[in-house]
Amino acid sequence: MDRKLRKFLRRRGASDLEIDQAAADGWLKLLTFDRVVMPGRPRFTFPQIAQQAGIPLEVAQRIWRALGFPDPPVGEVSFTARDAEALESTMQLMEDTLVYEPDDAGIDELVQQVRTISGALAKIAEVQGDNLVRTVHAAEEAGLSDDQVAGMMRRVDLERGERLLMYALRLQLRATAWRRLAGEGGRELEGVGQAVGFVDLVGYTALSQELEERELAQLVARFEGLAYDTVAQYGGRVVKTIGDEVMFVSSDVGCAARIILRLTERSNVDEVLPDARAGLACGEVLAREGDYYGPVVNLARRIVELARPGTAVCSEQVHRALADDPDFTWRRLRTRRIRDIGSVGLWQLQSVADTVETPAVSG
């Protein structure tokens, strides 16, 4: 491989073992891009960077989940000093803007802001990721080797994109301030395999008519927080929330199944939230600018409408994928004919510890 590329990767924190393995596996381009985006050699565990940042571990974990990532394995050395600085800067930012206070309410506000910002940035990353994929595929189709594509990755200038991002943020922030204070009170990716889940709150429409605006806002925020934490904890990604409903995706069907089980269970025992119900389907979807479309999405959306309160219902394809997984038990439901989709086999999903048979589908 090119000596300049190896030298670059070393400076950016990659070990010779990592470089040689990437070269052997044909992933030099990904290792190079990884080190361009996140330079530095991992030296710390997650508890260590939380300690360096002066943040209680449980608060650091909430921030990490709010960023959209599952809890790191205990004891795994996968973080750099840059990660500790980022955590510390997050807390300082909240203090400087008088949003953060060192109490439970202040931490909740901090986590909510991180969650909102991360959700927006995740969509930006999806769009830019599509552009990266297009560029790499075009280079490979033109006959460039993995080494040559890696050389292209080495010249990626992230600072230009960061300047544009910050400029756009300033514009949006200025517009929001004027509107609120002076006025008011991609690329299509076909054939992407995903598990798509929907979870909603039962009786939300009637409840929204009874609650005051503040109470309703608190209920929605509580559900969104529970949804984001649960989805992130099990490695999925929230696509969007609309009031009483959350849509998420996961490339791992088993993780998606755990998400709908845990999220319905946690909603059902919550003292504030009404019971939740969930629908899950899997297969190829169309991914575009951070959102997902296609028959699988439509099926998951219709399944949740059929589920009874407190239950998680899955398509035949999900059951087929997980039928041999000992972590789950199943109850077959009667086949339903769904408008614009056809006859659909349905299964109620249960954990091993929750095998009580309860009615799952209305009608």
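The values are calculated or read from the model by the stated rules, or taken from the named source; none is laboratory data. Everything numeric in this text was worked out from a predicted model, so none of it was measured. All Cβ positions, even for glycine, are placed from backbone atoms using ideal geometry, and neighbour counts span all protein chains on display.
Of the residues Val136, Val231, which is among the β-branched types (Val, Ile, Thr) and either at pLDDT below 85 or over 30 Å from Asp71 (Cβ atoms) (or both)? Exactly one of Val136, Val231 is among the β-branched types (Val, Ile, Thr) and either at pLDDT below 85 or over 30 Å from Asp71 (Cβ atoms) (or both), namely Val136. Screening the candidates Arg258, Arg262, Arg288 for the property of being farther than 24 Å from Phe328 by Cα, under 17 Å from the mean Cα position of the chain (by Cα) and not aliphatic (A, V, I, L, M) yields one hit, Arg288. Answer yes or no: is there a residue in region 58-71 that is more than 19 Å from Ala122 (Cα to Cα), in contact with a helix residue (DSSP H, G or I) (Cβ under 8 Å, 6 or more places away or on another chain) and surrounded by fewer than 17 Cβ atoms within 10 Å (Cβ to Cβ). No, that holds for no residue.
The set of residues from region 22-48 being surrounded by fewer than 13 Cβ atoms within 10 Å (Cβ to Cβ) and within 26 Å of Pro73 (Cβ to Cβ) comprises Ala24, Asp25, Val37.
Quick check, is Ala300 surrounded by 23 or more Cβ atoms within 10 Å (Cβ to Cβ) and part of a strand (DSSP E or B)?
Details: surrounded by 23 or more Cβ atoms within 10 Å (Cβ to Cβ): yes; part of a strand (DSSP E or B): no.
In short, no.
In the condition set (1) assigned to a helix (DSSP H, G or I); (2) polar (S, T, N, Q); (3) within 22 Å of Phe69 (Cβ to Cβ), Thr264 is compliant with all but (3). Restricting attention to region 73-92, the residues that are crowded, with 19+ Cβ neighbours inside 10 Å and either farther than 16 Å from Ile55 by Cβ or touching a Leu at 6+ places or on another chain (Cβ under 8 Å) (or both) total 2.
Entry remark, region 222-236: residues being buried (at least 18 other Cβ atoms within 10 Å of the Cβ) and either more than 12 Å from the chain's Cα centre (by Cα) or assigned to a strand (DSSP E or B) (or both) number 3 in total.
Those residues that are assigned to a helix (DSSP H, G or I) and in contact with a strand residue (DSSP E or B) (Cβ under 9 Å, 6 or more places away or on another chain), I need them from region 11-49; list them, please.
Pass one, region 11-49, residues assigned to a helix (DSSP H, G or I): 11, 16-25, 28-37, 46-49.
Across region 11-49, the qualifying residues are Phe46, Gln48, Ile49.
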